[in-house]
2 protein chains.
Amino acid sequence: MKTKDRIIEASIELFNSQGERNVTTNHIASHLNISPGNLYYHFSNKEEIIRHIFTKYADHMAISFEPVKPSQDAVKILTNYFDAVFSALYHFNFLYDNLPVIMARDPELRAQFGVIHNKMMEKIHHLIVSLQVANVINMDTNDIDDLANIIKQQVTFWISYCKTSSENADVTDELIYNGLLKVILLFKPYITSEYKDTINDISTRYRALAAGKTVEE
Amino acid sequence: MKTKDRIIEASIELFNSQGERNVTTNHIASHLNISPGNLYYHFSNKEEIIRHIFTKYADHMAISFEPVKPSQDAVKILTNYFDAVFSALYHFNFLYDNLPVIMARDPELRAQFGVIHNKMMEKIHHLIVSLQVANVINMDTNDIDDLANIIKQQVTFWISYCKTSSENADVTDELIYNGLLKVILLFKPYITSEYKDTINDISTRYRALAAGKTVEE
């Protein structure tokens with residue numbers, strides 16, 4: 001791996017495990033056993049590293065949240081969405097922990113995030129409509145926009161919520177699965193009788209994962 | 001008003017309107033036409049001002065979220081809750097905009113917030129159970145804890161969500177009413193047929209307020 005990519009990977013790892021605000025470029029260089037001068041040859045400051053990570057984040061979001069195809073079955077649509085949410089929260093948890101601050105200090109990222117946000121809103125909206133068309137859920141179409149916003153907020157601020165609600169809330173797999181269970185509950189009241197058992201199965205599976213149990217694929 | 005109280009009031013006002021991170025003790029002193037030395041006579045730094053504001057916040061939360069009395073009717077229970085949420089978001093919006101950061105840099109506030117958080121969770125839990133007992137809502141009792149958490153997160157991070165989702169999202173009455181509508185939607189699927197009209201009326205009222213219209217009391 002090129003030094004530049006190693007710096008980015010190490011930064012993501014350190015930001016995620018120690019919190020972005022506690023990690024300096026010196027920490028990153030020392031973690032990689034390279035000189036600060038070598039790091040500064042590739043990036044002029046931490047902000048520039050974060051911008052590169054943000055580009056990776058944007059790519060990740062574009063790829064992992066694939067558009068729903070009309071042929072997909074409902075369970076696949078939902079579990080694909082949950083997997084994509086899990087992977088975004090897992091790989092970029094420091095961003096979710098510190099979003100308002102990172103946005104506030106860099107207008108360029110702020111604008112980039114706006115674009116990602118709008119695309120994600122479209123995808124969640126499309127997901128809800130697909131579930132409605134497939135008769136998996138039945139809800140007032142006037143409420144779809146609001147539900148999409150609630151889901152988006154629930155996912156985006158889940159990590160911040162956990163970190164402010166209890167001390168030492170490390171971002172573990174279990175913590176993320178617990179967040180997915182909240183999203184399942186948001187869908188649950190709208191599930192049609194035909195799909196009640198399916199949703200209960202999905203819910204039971206994530207409840208086991210959230211409790212730290214291993215689950216057969 | 002004593003200078004100490006004037007400093008606190010001016011700080012809340014400036015933090016809310018300009019963002020806590022953009023306001024220094026010098027800005028506060030200049031806004032009040034007092035010398036920085038006079039301000040430092042009362043508070044040794046910005047952190048100490050924020051701690052005083054936080055105590056006011058804790059008092060506000062304790063008073064405005066009154067416990068539900070068994071004699072109260074369902075509409076009163078819900079609208080009291082919405083009024084209390086509105087007033088907390090309105091008066092202390094800078095805290096909600098910057099919660100993870102403020103908590104991260106001051107362990108004392110972090111611990112204080114933990115106590116407030118737990119009390120609020122109890123109150124929301126109690127609110128949901130009261131609505132269930134009064135037959136206003138009908139939901140699986142196993143889901144009550146998760147719904148309480150979702151509502152708490154929705155309220156706590158509504159302002160951060162708006163500020164990260166769109167540029168120049170000023171905290172106006174309309175923005176807060178829009179947040180209350182999301183909380184109403186969270187209750188809506190569980191409302192019993194007996195109370196459908198009541199909830200629709202409440203929802204219509206807040207929809208008008210969120211659109212900037214005046215509404216008769």
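Bear in mind that the values in this text are calculations on the coordinates, not laboratory data. All values derive from a computational prediction rather than experimental measurement. Cβ atoms come from the backbone with ideal geometry, glycine included; neighbour counts cover every protein chain shown.
Summary of computed values
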| item | result |
| --- | --- |
| Gyration tensor (alpha-carbon) shape descriptor, region A:130-202, a/c threshold 1.5 | oblate |
| Chain B: angle of helix B:196-210 to the longest principal axis, Cα-based, in degrees nearest 10 | 30 degrees |
| Sum of -39500 (n - 2.57) over DSSP H runs of 4+, divided by residues of chain A (222 nm, nearest 500) | -23000 deg cm²/dmol |
| The protein assembly as shown - Rg (one decimal) and Dmax (whole number), Cα, Å | 22.9, 70 |
| Calculated FRET value between B:ASN22 and A:ASN80, using beta carbons and R₀ = 41 Å, to 0.05 | 0.50 |
| Compactness index (Cα Rg / 2.2 N^0.38 Å), region A:51-210 | 1.05 |
| Inter-copy separations for B:ALA211, label at 7 Å along Cα-Cβ, nm, ascending | 4.7 |
| Total lysine pairs under 18 Å (Cα atoms) in chain A, excluding pairs fewer than 8 apart on one chain | 17 |
| Max mean-square fluctuation residue, GNM over chain A, Cα-Cα springs under 10 Å, options A:VAL171, A:VAL155, A:VAL133 | A:VAL133 |
| Chain A: relative contact order as a whole-number percent, Cα under 8 Å and 6+ apart | 17 percent |
| Region B:1-44: projected area of the alpha-carbon convex hull, averaged over directions, in nm² | 2.7 nm² |
| Average beta-carbon neighbours from other chains, 10 Å sphere, peptide A:163-175 | 3 |
| Inter-site label distance for B:THR204 and A:ALA211 at 7 Å from Cα along Cβ, in nm | 4.6 nm |
| Per-residue average of Cβ from other chains inside 10 Å of B:121-132 | 0 |
| Charge dipole (debye, nearest 20) of region A:51-210; +1 at Cβ of Lys and Arg, -1 at Cβ of Asp and Glu | 200 debye |
| FRET E, pair B:ASP173, A:SER64, Förster distance 45 Å, beta-carbon r, rounded to 0.05 | 0.75 |
| Label point 7 Å beyond Cα along the C-beta direction, distances from B:SER64 to other copies (nm, shortest first) | 3.6 |
| Using a 7 Å Cα-to-Cβ projection, B:TYR41 label spacings across copies, nm, ascending | 5.8 |
